[in-house]
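Asker: Encoded as structure tokens, here's the structure I'll be asking about.
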Amino acid sequence: MGRLDPTLTIGAPAPGCRAVVFDLFGVLTRGQSRRGIEAMARSFGVDRSSFLSAYWAERPDYDRGSVSGPEYWDRVARSLSRVIDRSEIERLIVLDVDSWDRPEPSMVGFAETVSRSLLAAAILSNSPPEITDRFRSYPWMAGFDRVVFSSDVGLVKPEPSIFEHVIAELSVDPRDAVFIDDRVENIEAAAALGMRGVAFTTGETTPSDLAAFLHRGTIHGSM
């Protein structure tokens, strides 16, 4: 799947731990590229902050799959009082996909360690179709027992129904599943259903931290 650390083991999973659900962006990847964000902002002739405000305000429907890529970027343009043509929309879609395409080998390798420890491993991610298609092409994605992208199921985090969906896919009790995400609102939503939530912070949370949590059931930032 990724860069596997042969010295990293989980040991016997903590009692009641049967599955680990990973967020993709910001956990298994390094998060969105600042350079990519700035390139998209320049396309609209606005500053980074203004662009991100419009980008995220319109994102839920795109992640849900209820609007297409061109429709999403038209909405962003209108929000910024801009007009863009089809060729610029196609360029923005490519820039957007590229900005998220930053797998973190150590975390992808850790997910493989989870699978080797006989725990079920899943991905639960908000992702529009174009980004979903890029990541589906990677061989390491096949190592997960379940992969749930928001645009495939018409649901988005932090809606409870998307967590219920992945739990049903894994056929486990929510109390037997660990959810790792970098957004507090998503962790709280998972915890409300009984899942054990772990707050992931890039540059601070390490695979060793997570392995220790899965073995002992405790980690700083867990819920």
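The values are calculated or read from the model by the stated rules, or taken from the named source; none is laboratory data. Bear in mind the structure is a predicted one, so any value in this text is a computation, not a measurement. All Cβ positions, even for glycine, are placed from backbone atoms using ideal geometry, and neighbour counts span all protein chains on display.
Asker: Taking the options PHE200, PHE179, PHE149, name whichever one is in contact with a helix residue (DSSP H, G or I) (Cβ under 9 Å, 6 or more places away or on another chain), among the aromatic types (Phe, Trp, Tyr) and under 19 Å from GLY65 (Cα atoms). Outline the logic, then answer.
Answerer: On the way: PHE200 fails: under 19 Å from GLY65 (Cα atoms); PHE179 fails: under 19 Å from GLY65 (Cα atoms).
Result of the check over PHE200, PHE179, PHE149: PHE149.
Asker: Condition check: within 24 Å of the chain's Cα centre (by Cα), within 29 Å of PHE163 (Cα to Cα) and modelled with pLDDT of 95 or more. Does VAL76 satisfy that?
Answerer: Numbers: within 24 Å of the chain's Cα centre (by Cα): yes; within 29 Å of PHE163 (Cα to Cα): yes; modelled with pLDDT of 95 or more: yes.
The answer is yes for VAL76.
Asker: Could I ask something else about it? Kindly indicate which of ARG64, ARG35, ARG75, ARG59 is surrounded by fewer than 16 Cβ atoms within 10 Å (Cβ to Cβ), of a type in the set (Lys, Arg), more than 22 Å from PRO207 (Cβ to Cβ) and touching a helix residue (DSSP H, G or I) at 6+ places or on another chain (Cβ under 9 Å). Step through it out loud before you land on a result.
Answerer: On the way: ARG64 fails: surrounded by fewer than 16 Cβ atoms within 10 Å (Cβ to Cβ); ARG75 fails: surrounded by fewer than 16 Cβ atoms within 10 Å (Cβ to Cβ); ARG59 fails: surrounded by fewer than 16 Cβ atoms within 10 Å (Cβ to Cβ).
Step by step, each of ARG64, ARG35, ARG75, ARG59 is checked, and only ARG35 is surrounded by fewer than 16 Cβ atoms within 10 Å (Cβ to Cβ), of a type in the set (Lys, Arg), more than 22 Å from PRO207 (Cβ to Cβ) and touching a helix residue (DSSP H, G or I) at 6+ places or on another chain (Cβ under 9 Å).
Asker: Of the residues in segment 160-178, how many are in contact with a Ser or Thr (Cβ under 9 Å, 6 or more places away or on another chain) and assigned to a loop (DSSP other than H, G, I, E, B)? Talk me through it step by step, then tell me what you get.
Answerer: Pass one, segment 160-178, residues in contact with a Ser or Thr (Cβ under 9 Å, 6 or more places away or on another chain): 162, 178.
From what is left, the residues that are assigned to a loop (DSSP other than H, G, I, E, B) are none.
The qualifying residues number 0.
Asker: Starting from residues that are among the basic types (Lys, Arg) and part of a helix (DSSP H, G or I), keep the ones in segment 86-125 and report whichever is surrounded by the most Cβ atoms within 10 Å (Cβ to Cβ). Write out each step before concluding.
Answerer: Residues of segment 86-125 among the basic types (Lys, Arg): 86, 91, 102, 116.
Filter once more, keeping what is part of a helix (DSSP H, G or I): 86, 91, 116.
Details: ARG86: 9, ARG91: 16, ARG116: 13.
Among those that are among the basic types (Lys, Arg) and part of a helix (DSSP H, G or I), it is ARG91.
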